[in-house]
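> Structure below; questions to follow.
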Amino acid sequence: MVLRLSAGSADFETAFAALVEARREADEDVSLVVREVIKTIRRDGDNALRAYTRKWDRHDLDRTGWQIDRDDLEKAFRELVPDLRVALELASRRITAYHEKQLPTDSEAVDDVGVRLGARWRPIESAGIYVPGGRAAYPSSVLMNAIPAAVAGVSRVVMMTPMPDGVANPLVLAAAYLANVDEVRPIGGAQAIAALAYGTATIAPVDKIVGPGNAYVAAAKRMVFGKVGIDMVAGPSEVLILADGEANPDWIAADLLAQAEHDTAAQSILVTDSPALAEQVERAVESMLATLPRAEIARASWRDHGAIILVDDLAAAVPLVDRVAPEHLEIHSVDAEALAARIRHAGAIFIGAYTPEAIGDYVGGTNHVLPTAR
């Protein structure tokens, strides 16, 4: 049963603070393992990469290859079913168009004593992209990280992605082809991050490392920061939905579960001023869970970290949203624009019932690499 809170109850502040501050990351301390991996990569280079890849991904780099050829990337793209190929192309076009509008321009000015001052923008020379390769494929993460690098003019983009049992994910390879990634390496984990940061005989180091990963990857990024730039160390993902009584409960339930199915540590929260909607959404979630392919993951996320919060009115919910500072915020309300204007802390805001978070994750054009609540 999902957590239910009411802003009017005497213990609300205590319960809400506990929800916001609750630890969702795994308790496992991975720092000792990651520190040893980084030390070994720095000392043994390619030999260490060979050993770690055999141990954890169960394939031999000397047999499967240290780099996936451009021809193999193109083959993966051409062999996709037409719908997937069209979807990737649409996402690529929209992401490119949006990020081209973000390109900064050089500036120059003369101050009041006649001194000419200016700023120049130049791309970094190389970037490393980490793309997970576990239970779920992340072709969208390839596009969201590689396309901005290409738009910026980064000269060399290297993608690291694990290849369990020597089998590559065709969607990830297809996305790398579409995004014109320069090097695709079938290497994952903390060892991939260490190789990008320090380099080996085969893999030249990069200037910056971006992309999501598990606890080991996140810890490795944190440890190599300073030697190399990183995007961020993101925590578990979350969505918060603000909704009034006019909202569609089935749509809200679907969007809550779209986040919950990512990861058992993901968080989905509904904040509403309608008790009736709260009941309808909870029932809809339970109904949909019975049909989801990733129901086990979504159910654990919803049970352990989900919440439905009742407030007197949505305007009063704005401070609650800012305290959560969700990665994704959806607003299903007749005054969605006005509410959005008042929000200070959210990674991305999806305004109106026809703007689900999934649009931003895949084809909206804005980037899905966002700061999380922690």
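The values are calculated or read from the model by the stated rules, or taken from the named source; none is laboratory data. Not measured: the values here are computed from a predicted model. All Cβ positions, even for glycine, are placed from backbone atoms using ideal geometry, and neighbour counts span all protein chains on display.
> Mind checking which pairs have a first residue in the stretch 133-160 that is more than 20 Å from residue 261 (Cβ to Cβ) and a second that is of a type in the set (Phe, Trp, Tyr) and at pLDDT 95 or above, Cβ under 6 Å, 6 or more apart or different chains?
Going by the 6 Å Cβ cut-off, the qualifying pairs are 160/130.
> Scanning the stretch 255-276 for residues that are under 18 Å from residue 348 (Cβ atoms) and of a type in the set (A, V, I, L, M), which turns out farthest from the chain's Cα centre (by Cα)?
Checked the stretch 255-276; the qualifying residue farthest from the chain's Cα centre (by Cα) is 271.
> List the helices (runs of 4 or more DSSP H) that sit entirely inside the stretch 182-284 and contain at least 1 residues that are out of contact with any Cys (no Cβ under 7 Å at 6 or more places or on another chain) and within 30 Å of residue 310 (Cβ to Cβ). So that I can check it myself, show each step before the final result.
Numbers: elements: 189-198, 215-224, 249-260.
In the stretch 182-284, 249-260 are the helices (runs of 4 or more DSSP H) which contain 1 or more residues that are out of contact with any Cys (no Cβ under 7 Å at 6 or more places or on another chain) and within 30 Å of residue 310 (Cβ to Cβ).
> A further question follows. Given (1) crowded, with 16+ Cβ neighbours inside 10 Å; (2) in contact with a Pro (Cβ under 7 Å, 6 or more places away or on another chain), identify the lone condition not met by residue 48.
Among (1) crowded, with 16+ Cβ neighbours inside 10 Å; (2) in contact with a Pro (Cβ under 7 Å, 6 or more places away or on another chain), residue 48 violates only (2).
> Right, here's the next one. Has the stretch 48-63 got at least one residue that is among the β-branched types (Val, Ile, Thr), part of a loop (DSSP other than H, G, I, E, B) and outside the structural domain of residue 326 (by TED's automatic domain parsing)?
Restricting attention to the stretch 48-63, the residues satisfying the condition of being among the β-branched types (Val, Ile, Thr) are 53.
Checking the rest, the ones that are also part of a loop (DSSP other than H, G, I, E, B) come to none.
For the stretch 48-63, residues among the β-branched types (Val, Ile, Thr), part of a loop (DSSP other than H, G, I, E, B) and outside the structural domain of residue 326 (by TED's automatic domain parsing): absent.
> Starting from the stretch 84-105, keep only residues that are modelled with pLDDT of 95 or more, then list their pairs with residues that are exposed (fewer than 14 other Cβ atoms within 10 Å of the Cβ) whose Cβ atoms are within a distance under 6 Å, requiring at least 6 positions of separation or different chains.
From residues that are modelled with pLDDT of 95 or more, the pairs are 104/121.
> Sticking with this structure for a sec: For residue 244, which of the numbered conditions (1) of a type outside the set (Phe, Trp, Tyr); (2) buried (at least 22 other Cβ atoms within 10 Å of the Cβ); (3) in contact with a His (Cβ under 8 Å, 6 or more places away or on another chain); (4) not assigned by TED's automatic domain parsing to the domain that holds residue 165 fails to hold?
With respect to (1) of a type outside the set (Phe, Trp, Tyr); (2) buried (at least 22 other Cβ atoms within 10 Å of the Cβ); (3) in contact with a His (Cβ under 8 Å, 6 or more places away or on another chain); (4) not assigned by TED's automatic domain parsing to the domain that holds residue 165, residue 244 is out only on (2).
> Quick test for you: out of 41, 68, pick the one residue that is surrounded by 16 or more Cβ atoms within 10 Å (Cβ to Cβ) and either closer than 18 Å to residue 138 by Cα or in contact with a Phe, Trp or Tyr (Cβ under 6 Å, 6 or more places away or on another chain) (or both). Can you show your working first?
Values: 41 fails: either closer than 18 Å to residue 138 by Cα or in contact with a Phe, Trp or Tyr (Cβ under 6 Å, 6 or more places away or on another chain) (or both).
Only one candidate qualifies: 68.
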